[in-house]
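Any read-out appearing in this document is the output of simple, stated calculations on the displayed coordinates, not a laboratory observation. Computed from a predicted structure; not experimentally measured. Counting neighbours? That spans all protein chains shown, and the Cβs are built from the backbone with ideal geometry, glycine included.
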Amino acid sequence: MAFSYSSQLQTLFLILLVVHPALGNPETQQWIDRICYQNEDYGFCNKTSNENLKGPADDVGLVLIANNQVLRNTSRTYQFIVELQASTDDPVTKTALEACRIAPRGEASCRPPTPDSPLVKRKRELRILIAMAAVAGHVLPT
């Protein structure tokens, strides 16, 4: 019976490490907290960081996660904008989307055509990811 209980605990521990890698390394979670507490949305930042950990990460690993997520999100947002442009006939909307398409790195200059545009959520996520990368690059090496 003791062996069965021990095996169950080991299995649970392994599952927790796979689902939430930072739990296996408190120092990694401290680095993540240091980045995310300086961000506008701690929850999004923490979730993104932990979902992309392959195991305990050092400061360079966390900077790479943030940078990779910025690149991934920027590429997806660019494709999303191209698809939105193709699906609208409104010239004002097309012009607004064009400004976002040609300057994805200038996140501040991208103005979604309407407040309920699906681009609003993507713009917010990109802004958070850019902040994560900037904070990670600045805070962690010090």
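Find out how many positive minus negative residues lie around CYS45, taking Lys and Arg as positive, Asp and Glu as negative, among other residues whose Cβ is under 13 Å from that of CYS45. Could the numbers behind the result be given before it?
Numbers: positive: ARG34, LYS47, ARG124, ARG127; negative: ASP33, GLU40, ASP41, GLU51, GLU125.
Residues close to CYS45 contribute a combined charge of -1.
Sort ILE35, ILE130 by Cβ crowding within 10 Å, fewest neighbours at the top.
If I rank by nearby Cβ atoms, fewest first, I get ILE130, ILE35.
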